[in-house]
1. Hey, got the dipole for the protein assembly as shown? About the Cα centre, +1 on K and R Cβ, -1 on D and E Cβ, debye to the nearest 20?
2. Provide the per-residue ³J(HN,Hα) series for the stretch A:27-41, in order, calculated from phi with Karplus coefficients 6.51, -1.76, 1.60 and θ = phi - 60°, each as a whole number of Hz, with x at glycine and proline positions.
3. Farthest toward the dipole's positive end in chain B, which of B:PRO10, B:VAL37, B:LEU55, given Cβ charges of +1 (Lys, Arg) and -1 (Asp, Glu) about the Cα centre?
4. Evaluate peptide B:44-51: per residue, the Cβ atoms of other protein chains within 10 Å of its Cβ; return the mean as an integer.
5. So what is the relative contact order for chain B, in percent, with contacts set as C-alpha pairs under 8 Å and at least six apart?
6. Non-local amide H neighbours of A:GLY40 (under 5 Å, H modeled in plane, Pro and chain starts lacking H): which ones?
7. Could you check the simple spin-label distance between A:ALA25 and B:ILE14, using points 7 Å along Cα→Cβ, in nm with one decimal?
8. List the residues, sorted by chain then number, that are 5 or more residues from B:THR3 or on another chain and whose placed amide H is less than 5 Å from its amide H.
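Any read-out appearing in this document is the output of simple, stated calculations on the displayed coordinates, not a laboratory observation. Being a predicted model, the structure only gives us computed values, none of them experimental. A quick note on method: Cβ atoms are made from the backbone with ideal geometry, for glycine too, and the neighbour counts reach across all protein chains shown.
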Protein chains: 2
Amino acid sequence: MPTIVVEVMPKAEILDPQGKAVAGALERLGKSAFTGVRIGKRFELTTDGPADEALLTEVRELAVEMLSNSVIEDVVSVSVLDESPAGETH
Amino acid sequence: MPTIVVEVMPKAEILDPQGKAVAGALERLGKSAFTGVRIGKRFELTTDGPADEALLTEVRELAVEMLSNSVIEDVVSVSVLDESPAGETH
């Protein structure tokens, strides 16, 4: 079954306390290579039909209207996951 | 600055009530093309150094040990984001 992945991140100008907490933890662990961490969401929508352009257009609309809050979040990616989960054969 | 993206999803055998809620909402909206929704996390780690293999190895370890809970989650992807944010020029 095709899976469509929608990725949503907090807008750059929005504080991300969860991300700040992780960045602080990395620093305490001595991982100084990282300058910042932000945490967003990854939605996997499975469909039983073909993941064609019409469906992707619908998902792009849903991503903006329903899966994200446009006041504080941006939809950064809508894509079709073509690989099968590990261990699954068709 | 290079950005490394870590993606974490709930394991297949774990119930995902958030995802179920979204799937139910899609159904109520008449979007019957979708058979399921699962919701995971997307971390963006920015670094001021090069995103080389050594750093990626470190991030893969961090992803498993710190950014995810291996009892209920899987790290599905660790990758370097090569595109600049929209509107930014170098």
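1. It comes to approximately 680 debye.
2. 5, 5, 7, x, 8, 8, 6, 9, 9, x, 9, 10, 10, x, 10
3. Of B:PRO10, B:VAL37, B:LEU55, it is B:VAL37.
4. 6
5. 49 percent
6. Placed amide hydrogens put B:ARG42, B:PHE43, B:GLU44 under 5 Å from A:GLY40.
7. In this crude spin-label approximation the distance works out to 1.3 nm.
8. Result for B:THR3 returns B:LEU81.
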